[in-house]
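Report on the structure given below.
The values are calculated or read from the model by the stated rules, or taken from the named source; none is laboratory data. A quick note: this is a predicted structure, and the numbers were derived from the prediction, not measured. Cβ placement follows ideal geometry from the backbone for every residue including glycine, while neighbour counts extend to all protein chains displayed.
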There are 2 protein chains.
Amino acid sequence: MKKILNGTDQVVEQMVEGLVKSHADIVHRVEGTRVIARNDKRSGKVGLVSGGGSGHEPAHAGYVGRGMLSAAVCGDVFTSPTPDQIYEGIKAADQGAGVLLIVKNYTGDVMNFEMAADLADAEDIKVEQIVVDDDIAVEDSTFTTGRRGVAGTVLVHKIVGAAAEAGASLEELKALGEKVISAIKTLGVALSPCTVPEVGHPGFELGDDEIELGIGIHGEPGFTREKIMPSASLAKQLYDRIATESKLISGDKVVVLVNGMGATPLMEQYVFANDVHELLKNAGVSVEKTLVGDYMTSLEMAGLSLTILKLEDEKWVDMLKLPVETIAW
Amino acid sequence: MKKILNGTDQVVEQMVEGLVKSHADIVHRVEGTRVIARNDKRSGKVGLVSGGGSGHEPAHAGYVGRGMLSAAVCGDVFTSPTPDQIYEGIKAADQGAGVLLIVKNYTGDVMNFEMAADLADAEDIKVEQIVVDDDIAVEDSTFTTGRRGVAGTVLVHKIVGAAAEAGASLEELKALGEKVISAIKTLGVALSPCTVPEVGHPGFELGDDEIELGIGIHGEPGFTREKIMPSASLAKQLYDRIATESKLISGDKVVVLVNGMGATPLMEQYVFANDVHELLKNAGVSVEKTLVGDYMTSLEMAGLSLTILKLEDEKWVDMLKLPVETIAW
């Protein structure tokens, strides 16, 4: 294992320190915790808390700030944060109007965020939870009952964040979030595995010419292994499944997110994005906004995911375009 | 070679297409060229043009837009764009007040940008050129006479971009750019090589436990190969050389850029940034702004570079902080 770190047991601690020292103008660490909270005060508005295992940077700390999350809770690498840490995040986010938790669908995360919500409830902080399950690759998975929550989560952060900033209520934000989640579909592909520092070896193996379609962001198995293929063929495989699942038809409007898994050059991501745009154009589907880059990574995994948000409400695009003050959006 | 692309000869063309389709709200392609130009009109202001070989994304097209570059010219992978393409970039950038070329110091780039400036001169477009040579690793290199231009170039784009947006003259921008360049020092390290698509195999080899210090952004040799070491030791090696070269003393103010080379997780970049902050704190040097992320990559090379800008003028920080409308800043 060749990585830039000091001791595998210190990696998350030192990452959090590095992050808050580097971006003290936007975020701070809640002392004694693994919570990254926004500096900007937002009295009277609903707080938004997300988080999960580390190793997906810039998610989620990179999306904390004005117009997006109030706080992100950082677990160990690929490991859910504990309920007490999430509770600290809820307290940091609460400004009297309640707190919405945005959770990726992994069994550990869902359980721990729920326990944290119970702790908050006991202290009379109103908390609601929405669970993102955008990955259509498989039903149930290594760490998940139902579908996994992956890169589409950042679109939820942004749209719900815009509504929270505008003063929407906890109930309104929950309903909005659930509507957005149901309109987001994602599929990923891996070209190479990644290594969790404390484990020290890759989480799975792939042949020199093999790729895995439907991979999860922790290297969970997908639905097929195939030989490396042209970008256009790969785009078609991922797009066709998403289009079927989303029931996309000519005239529909969408937002596209091409998300790098960590080690995939932007050059390849843009070649792939070009192929996706061709497919959508041929299908008569209008792309209202495209995001390309490393939004939700899996350490140094090579690969990418395709997310399509079907616009059931055109205001969602405006909400995605509103400026924010975060590290990474 | 396992990459997401369609034919190695189409990779830059399709990347450019994917980029302009994805970000049509910010940039467009000058028809029939490899020039990415900003949409935003800026009549009467000096145009800024940069570019170079592709494979360093988001540099430079990601920095085109209001407050930064007017146009970026995309060469083949790791290959300078031709003079006629650069000339197209100059024409796209010119609004009557002249054009400043920001060139990384590589022999091919310097020569081709100069030839393009001559073409423009013949058409009565006033052009000046500044050459970034921030990499202190080696004097002369595989493709360079003098020192190489690397990640610090993006700080030049941003500071000079802010001044251009504010209406500075061509002469003022050239003087500012040269002053900023002389205050920027960078050193890089590679943990793994990268593969140019048309070549098909890695540009160099490193042992399983080896790293190369002083590497260039095309894999040019550095000054030493060592065994992988803790992040804190690596930070100290890079920092000490930069601090000596910059004559940093207690009380100085700096901007820090930790730049990922492509395949290095943000997690590792932040651990390293934390170590750099410790070194600067111990040296009594004040960090006024920190940037962490993949700003100037080398395809899928693993590694990072450390850039320190010594603030000879505190206004430079304000200029770095001014909002812009680009894809990647």
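Just a few scattered comments:
- Of the residues A:Thr297, A:Thr290, A:Thr307, the single one that is at the interface with chain B (Cβ under 8 Å from one of its Cβ atoms) and closer than 30 Å to A:Pro202 by Cβ is A:Thr297.
- A:Val199 meets all of the listed conditions (1) assigned by the TED database to the domain that holds A:Ser233; (2) in contact with a Leu (Cβ under 9 Å, 6 or more places away or on another chain); (3) of a type in the set (A, V, I, L, M) but one, namely (2).
- Any hit, region A:143-153, residues being among the aliphatic types (A, V, I, L, M), closer than 21 Å to A:Val49 by Cβ and in contact with a Gly (Cβ under 9 Å, 6 or more places away or on another chain): yes
- Filter pass, A:Lys41 being more than 8 Å from every other protein chain (Cβ to nearest Cβ) and modelled with pLDDT under 95: yes
- Enumeration of residues in region A:263-286 that are touching a strand residue (DSSP E or B) at 6+ places or on another chain (Cβ under 8 Å) and at the interface with chain B (Cβ under 8 Å from one of its Cβ atoms): A:Ala263, A:Thr264, A:Pro265, A:Leu266, A:Met267, A:Glu268, A:Gln269, A:Tyr270, A:Phe272, A:Ala273, A:His277
- Among the residues of region B:293-307, not a single one is among the hydrophobic types (A, V, I, L, M, F, W, C) and free of Cβ contacts under 8 Å to residues at least 40 places away in the same chain.
- Count of residues meeting criterion [outside any loop (DSSP other than H, G, I, E, B) and either touching a helix residue (DSSP H, G or I) at 6+ places or on another chain (Cβ under 7 Å) or buried (at least 21 other Cβ atoms within 10 Å of the Cβ) (or both)] in region A:95-109: 7
- Residue within region A:178-196 that is among the charged types (D, E, K, R) and either without any contact (Cβ under 8 Å) to a residue 24 or more places away in the chain or within 14 Å of another protein chain (Cβ to nearest Cβ) (or both) present: no
- The number of residues in region A:110-127 being small (Gly, Ala, Ser) and loosely packed, with under 13 Cβ neighbours inside 10 Å comes to 1.
- On the stretch given as region A:199-245, residues that are in a loop (DSSP other than H, G, I, E, B), of a type in the set (Asp, Glu) and surrounded by 15 or more Cβ atoms within 10 Å (Cβ to Cβ) total 1.
- Entry remark, region B:251-285: residues being part of a strand (DSSP E or B) and buried (at least 22 other Cβ atoms within 10 Å of the Cβ) number 8 in total.
- Output for region A:29-41, where each listed residue is under 23 Å from the mean Cα position of the chain (by Cα) and surrounded by fewer than 16 Cβ atoms within 10 Å (Cβ to Cβ): A:Asn39, A:Asp40
- Single match in A:Val11, A:Val49, A:Val73 (criterion: in a helix (DSSP H, G or I) and either under 16 Å from the mean Cα position of the chain (by Cα) or buried (at least 21 other Cβ atoms within 10 Å of the Cβ) (or both)): A:Val11
- Residue count for region B:15-28 satisfying the condition of being surrounded by fewer than 22 Cβ atoms within 10 Å (Cβ to Cβ), of a type outside the set (Val, Ile, Thr) and in a helix (DSSP H, G or I): 2.
- Filter result for B:Gly222 (touching a Leu at 6+ places or on another chain (Cβ under 8 Å), touching a residue at least 12 places away in the same chain (Cβ under 8 Å), of a type outside the set (A, V, I, L, M) and not assigned by the TED database to the domain that holds B:Met296): no
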